Amino acid sequence: GTDTARMLVEDLLNLAYAGLRPEDALVVDVGEVIGRVLAERSGAIAEKRMRVSLDDDLGHLAANPTHIYQLFANMVGNALAYNDSAGPRLSIQHEKGEDGVHRYIVSDNGPGIPPGDEEKVFQPLFKGESGGTGVGLAIVRKIVETYGGSIEVRNEGGARFEFTLRGSPAQPVGAF
């Protein structure tokens with residue numbers, strides 16, 4: 001119980017932090033950040049025998065490196081936690097658009113999001129049957145919105161998250 005409470009408090013603090021406009025945005029190599037996330041979870045990836053595919057160029061953003069780390073750590077963590085298929089796969093794709101907009105697609109071949117829960121998964125403390133604290137995707141949405149983007153999820157052979165980020169942060173969105 002203590003560990004669960006500690007995790008919840010840490011996740012709620014991360015959620016609050018995610019909506020803050022970074023004062024010192026740096027140029028972040030998104031591929032490097034994702035590489036670190038994958039290296040940290042290499043044991044779980046190997047244990048699940050998950051096949052991971054990444055675009056060669058995942059872009060560079062003017063951002064707080066911790067925000068970008070939190071965003072992709074939550075996305076990769078969810079793919080690991082919820083993909084129970086016999087041959088699990090995770091894909092991260094990137095497209096650079098006009099006006100500094102970056103579009104990302106993070107998809108897996110797991111069971112996807114239960115019908116009717118597509119919007120609920122982004123609400124704080126909402127968790128599925130085997131969910132953690134229910135804060136991870138709320139953090140993801142808050143970060144995406146902080147950087148002037150939007151996010152949506154679809155079920156296309158598994159969960160498919162599509163989101164955009166601008167090259168520099170937008171005005172912060174109101175806190176939860």
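At a glance:
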| read-out | value |
| --- | --- |
| The range 70-99, subset surrounded by 16 or more Cβ atoms within 10 Å (Cβ to Cβ) and part of a loop (DSSP other than H, G, I, E, B), residue nearest to the chain's Cα centre (by Cα) | N83 |
| Single condition H67 does not satisfy, out of (1) over 12 Å from I34 (Cβ atoms); (2) part of a strand (DSSP E or B) | (2) |
| Output for the range 36-81, where each listed residue is in contact with an Asp or Glu (Cβ under 8 Å, 6 or more places away or on another chain) and either over 16 Å from E162 (Cα atoms) or without any contact (Cβ under 8 Å) to a residue 24 or more places away in the chain (or both) | H60, N64 |
| Single residue of the range 100-123 satisfying the filter (acidic (D, E) and free of Cβ contacts under 8 Å to residues at least 12 places away in the same chain) that is surrounded by the most Cβ atoms within 10 Å (Cβ to Cβ) | D117 |
| Meets criteria (open to solvent by 50 Å² or more (accessible area, probe 1.4 Å) and more than 29 Å from D99 (Cα to Cα)) for E47 | yes |
| Residues satisfying the stated conditions in the range 140-169, i.e. open to solvent by 30 Å² or more (accessible area, probe 1.4 Å) and modelled with pLDDT under 85 | S168 |
| Selection within the range 85-107 - modelled with pLDDT of 95 or more and of a type in the set (V, I, T) | I92, I105, V106 |
| From V37, V9, residue being within 24 Å of F122 (Cα to Cα), at pLDDT 95 or above and assigned to a helix (DSSP H, G or I) | V37 |
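The values are calculated or read from the model by the stated rules, or taken from the named source; none is laboratory data. Being a predicted model, the structure only gives us computed values, none of them experimental. Note: ideal-geometry Cβ built from the backbone for every residue, glycine included; neighbour counts use all protein chains shown. When the accessible area is computed, the model is the full protein with side chains, heavy atoms only, and any ligands, DNA or RNA have been set aside. Shrake-Rupley method; radii C 1.70, N 1.55, O 1.52, S 1.80 Å.
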